[in-house]
Amino acid sequence: MTLLTRRNALKLGLAGGIAMAAAAKASAQLNITVEGANFRPLPIAIPDFASSDPTFGREIAEIVRNNLRRSGLFQPLDPASLPLQVGDVNATPDFNTWRTANVDALVMGAVERGGQISSSVRVWDTRQGAQVVGSSYNTDPNSSRRVGHIISDAIYSNLTGGGGYFDTRVIYVAESGPKANRVRRLAIMDQDGANSQYLTDGSSMALTPRFSPNGDMVTYMNFANGNPQVFLLQLSTGRQQQLASVGAMTFAPRFSPDGGTVAFSVEQGGATNIYSVGTGGGQPMQLTSGAAIDTGPSYSPDGSRILFESDRGGSPQIYMMGASGGNAQRISFGQGSYSTPVWSPNGDLIAFTRQSGGQFNIGVMNPDGSGERMLYSSFHAEGPTWAPNGRVIMFFQDPGGNDGPRLMSIDIWGRNLLTIPTDGYASDPAWSGLRA
């Protein structure tokens with residue numbers, strides 16, 4: 001893992017976008033129904049991608065296989081068992097051969113690396129003899145893995161009917177050193193753990209990073225000078241600045257859906273209240289008042305409401321109010337205490353942490369508090385964050401003892417529990433939206 005410098009900051013920002021050269025989709029019947037107890041992953045054949053550099057073609061195909069496998073919705077077949085070892089994106093497959101091999105979904109791809117990376121992919125429904133996906137992409141030569149992620153998103157979205165989430169990044173707190181004296185700094189990586197990079201140098205503790213909607217700005221809590229304050233970090237330039245100065249500890253920031261406002265908590269005189277302020281500066285607006293601890297604000301996708309955690313009723317619970325404050329209503333009523341509420345990108349669910357009976361639970365509920373379901377239970381698990389398609393949740397889990405926290409993910413049906421690879425201990429993840 002390397003430290004972010006001004007020289008490579010642009011690689012993390014808005015540079016290096018993918019250009020879609022062409023896209024086509026034929027009507028086909030191949031699809032995945034992801035709900036239900038009897039769900040089984042869809043077997044899918046992905047031969048190595050054709051390329052003048054066979055190693056590169058194999059590498060991109062393997063990224064696609066790994067992404068789809070890790071989604072839990074697909075079962076990529078062993079490439080060595082396929083009738084064809086290298087795909088031909090320009091030819092119509094011999095559907096009888098693939099059907100005989102019990103292959104329903106077939107991916108053919110090609111990729112070349114030169115002044116830019118060019119790629120094309122076709123997905124075939126072999127039972128119907130029809131093309132499901134047909135697209136081409138171009139990108140800069142430093143973004144080879146992104147090609148694999150975007151192809152994975154195209155396959156995922158067309159066969160599941162939901163948005164993809166592979167061409168995304170995760171920012172998190174990288175932890176190192178002895179448990180009693182951990183160094184905590186911000187790090188960023190692709191959603192599969194690749195391309196990890198430090199964003200801060202660890203000279204001051206950094207916590208609770210959160211992405212802006214456009215993915216180029218991060219807000220977080222910085223312990224510089226021993227006074228925890230909310231900061232902004234621009235990824236494309238490396239520039240940092242304190243968000244607001246209100247003469248007290250500020251923490252738990254999160255962007256509004258339009259990226260123009262940050263809601264955060266202010267501790268003053270033993271009480272903690274929620275404020276908001278524009279990212280360009282100005283006078284912060286107080287949204288809650290009283291002697292309670294109000295923290296962890298999260299905007300609804302339309303920006304009209306804010307979820308937050310409060311102990312105003314005696315124990316930490318989830319409340320909802322308008323984005324300008326006032327008329328807060330409690331929505332959590334299960335046993336135990338609730339924290340870290342966060343609205344899904346689709347607005348249909350709220351993820352949260354619940355502590356009850358000596359266990360931590362990662363759960364979801366409807367925005368009115370109904371339909372509560374626990375997805376994961378452990379000695380210590382918290383801090384959920386949503387994939388941009390609203391169907392996968394990442395969080396961190398600490399096994400206790402001398403070990404440190406690790407990142408994990410699970411889908412909203414409580415299936416497909418995964419450990420996310422990181423270079424060391426990791427906590428407090430935040431998932432970006434799909435990259436432009």
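Answer yes if at least one residue in segment 335-342 is modelled with pLDDT of 95 or more, surrounded by 14 or more Cβ atoms within 10 Å (Cβ to Cβ) and farther than 24 Å from His380 by Cβ, and no otherwise.
no
Checking the condition assigned to a loop (DSSP other than H, G, I, E, B) and in contact with a Lys or Arg (Cβ under 6 Å, 6 or more places away or on another chain), which residue from Val103, Val89 passes? Full working, then the answer.
On the way: Val103 fails: in contact with a Lys or Arg (Cβ under 6 Å, 6 or more places away or on another chain).
Being assigned to a loop (DSSP other than H, G, I, E, B) and in contact with a Lys or Arg (Cβ under 6 Å, 6 or more places away or on another chain) holds for just one of Val103, Val89, which is Val89.
Looking at Arg127, is it in contact with an Asp or Glu (Cβ under 6 Å, 6 or more places away or on another chain) and farther than 30 Å from Ala252 by Cα?
The answer is yes for Arg127.
Considering Val133, Val103, which residue is outside the structural domain of Asn195 (by TED's automatic domain parsing) and over 25 Å from Gly433 (Cβ atoms)?
Val103
I'm trying to understand the selection: among the residues of segment 200-211, which are open to solvent by less than 10 Å² (accessible area, probe 1.4 Å) and either without any contact (Cβ under 8 Å) to a residue 40 or more places away in the chain or in a loop (DSSP other than H, G, I, E, B) (or both)?
Passing the criteria: only Ala206.
Which condition breaks for Met108 when tested against (1) surrounded by fewer than 21 Cβ atoms within 10 Å (Cβ to Cβ); (2) touching a Lys or Arg at 6+ places or on another chain (Cβ under 6 Å); (3) not in a loop (DSSP other than H, G, I, E, B)?
Condition (1) is where Met108 drops out.
Those residues that are open to solvent by 30 Å² or more (accessible area, probe 1.4 Å), polar (S, T, N, Q) and either touching a residue at least 60 places away in the same chain (Cβ under 8 Å) or in contact with a Phe, Trp or Tyr (Cβ under 7 Å, 6 or more places away or on another chain) (or both), I need them from segment 299-334; list them, please.
Answer for segment 299-334, where residues must be open to solvent by 30 Å² or more (accessible area, probe 1.4 Å), polar (S, T, N, Q) and either touching a residue at least 60 places away in the same chain (Cβ under 8 Å) or in contact with a Phe, Trp or Tyr (Cβ under 7 Å, 6 or more places away or on another chain) (or both): just Gln329.
Residues of segment 245-280 being of a type in the set (S, T, N, Q) and either more than 27 Å from Trp386 (Cα to Cα) or open to solvent by less than 20 Å² (accessible area, probe 1.4 Å) (or both), which ones?
Those that are of a type in the set (S, T, N, Q) and either more than 27 Å from Trp386 (Cα to Cα) or open to solvent by less than 20 Å² (accessible area, probe 1.4 Å) (or both): Ser245, Thr250, Ser256, Ser265, Gln268, Thr272, Asn273, Ser276.
The values are calculated or read from the model by the stated rules, or taken from the named source; none is laboratory data. If you're wondering where the values come from, they're calculated on a predicted model, not measured in any experiment. All Cβ positions, glycine included, derive from the backbone under ideal geometry; neighbour counts span all protein chains shown. Just the protein is used for accessible areas: all its heavy atoms, side chains included, with ligands, DNA and RNA removed. Shrake-Rupley method; radii C 1.70, N 1.55, O 1.52, S 1.80 Å.
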